[in-house]
Amino acid sequence: MPIAVDIDVMLAKRKMSVGELADRVGITPANLAVLKNGRAKAVRFTTLAALCEVLECQPGDLLRWEPDGPGDGDKAAHESGASVPAASPPR
C-alpha cells in the first residue's frame, strides 16, 4: 500500500508503549496494531486527531505516501477519475 504508517517512530520518540497509546486514544491494542503495521484500509479522522493529540504531532508525522513502484501515482489518479498531466520530457 502506498500509505506508510509511522506510529512506531512516534512511539519511540515519545517513549510510549502501544498499550499506553491505545488506552489514551481509546482504541483496542489490536486495532492500534492493525493501523501501526499498515494493515488498515481506513482511519477515522477522530482516531487520527486523538493519535495526534496524545503523541503531540501532526498527521504528516504519522502518515506518508510511498509509491509501490513505477507509475503508481498515475494508476491511483486514474482509478480516482483524476486527470494526470503528461510528463515533461527530460532536459
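The values are calculated or read from the model by the stated rules, or taken from the named source; none is laboratory data. Only a predicted model underlies this, so the values are computations on that prediction, with no experimental measurement involved. Here the Cβ is made from the backbone with ideal geometry for all residues, glycine too, and neighbour counts use every protein chain on show. Side chains are part of the model used for accessible areas, which takes the heavy atoms of the whole protein and leaves out ligands, DNA and RNA. Shrake-Rupley method; radii C 1.70, N 1.55, O 1.52, S 1.80 Å.
Screening V34, V25 for residues that are over 22 Å from P2 (Cα atoms) and among the β-branched types (V, I, T) leaves exactly one candidate, V25.
Kindly check whether there is at least one residue in region 80-90 that is modelled with pLDDT of 95 or more, open to solvent by 70 Å² or more (accessible area, probe 1.4 Å) and out of contact with any strand residue (DSSP E or B) (no Cβ under 9 Å at 6 or more places or on another chain). Within region 80-90, none of the residues are modelled with pLDDT of 95 or more, open to solvent by 70 Å² or more (accessible area, probe 1.4 Å) and out of contact with any strand residue (DSSP E or B) (no Cβ under 9 Å at 6 or more places or on another chain). Within region 1-46, the set of residues being open to solvent by 30 Å² or more (accessible area, probe 1.4 Å), over 21 Å from D68 (Cα atoms) and touching a Gly at 6+ places or on another chain (Cβ under 9 Å) comprises just one member, P29.
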